[in-house]
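Notes for the one structure printed next.
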Amino acid sequence: MAVYTFHMPVAARPGDPHALDAAVLVRDGFSWGAFAFSVLWFLWHRLWLGALGVLAAAFVLTAIGRLIDLPGTAATLAGLLFGIAVALEANSVRRWTLQRRGLPVVDAVFADDLEGAEARAFTRWLRRTPEEAPATATPLPPTRHPTVPASVVGLFPEAEGGR
């Protein structure tokens, strides 16, 4: 089973069936498409800066390999490792970009495939009411340990008193 994150527009209200038109599901984990077709995968998902970054990193990796006269097998291994790194982070970049574009994560579902994830996420979305929507998290104020003075920095409070 895979984990899929469910992204909805900020203004969407739980239970609204019309909001599902803008819904996006992103699979968590390794992306075979990004591994095989890294720049094209980023362009397909409209991640222009990601595609530019991957292309630039590939050119830099190739230039460094030629500059230090890397043997063919080592260059192939470096390219393979670069492809694996891109494939591992591609969906995270996609999630970050969706959130930046106003589609934050509202749910996560487990499913065997995309269709199953859509069915679960859409069903859960339609069953919720606006009152059940999670409130935005408010940051907690910083807490202090009652026995440690506020001016202590580090692990040695007695050393600071001697100054």
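Mind putting a number on the dipole of segment 1-122 about its Cα centre? Charges go on the C-beta only, +1 for Lys and Arg and -1 for Asp and Glu, and I need it in Debye to the nearest 20.
For segment 1-122, the charge dipole is close to 400 debye.
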**Asked** Quick one: if the Förster radius is 22 Å, what FRET efficiency do R100 and T129 give, using the C-beta to C-beta distance and rounding to 0.05?
**Response** 0.20
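Given R₀ = 35 Å, FRET efficiency for D21-M1 by Cβ-Cβ distance, to 0.05?
Once the sixth-power term is evaluated, E becomes 0.85.
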**Asked** Of E115, E89, how do they rank once you tally other Cβ atoms within 10 Å and put the fewest first?
**Response** E115, E89
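What FRET efficiency, computed as 1/(1 + (r/R0)^6) with R0 = 22 Å and r the Cβ-Cβ distance, is obtained for L43 and L77, rounded to the nearest 0.05?
Efficiency, from the Cβ-Cβ distance: 0.25.
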**Item:** Gain upon complete extension [L114, I64; 0.36 nm per residue less C-alpha separation]
**Value:** 14.1 nm
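Since every read-out is calculated from the coordinates, none of them should be taken as a lab result. It should be emphasised that the depicted structure is a prediction, and the values quoted were computed from it without experimental measurement. FYI the Cβ positions are ideal-geometry reconstructions off the backbone, even for glycines, and counts take in every protein chain you see.
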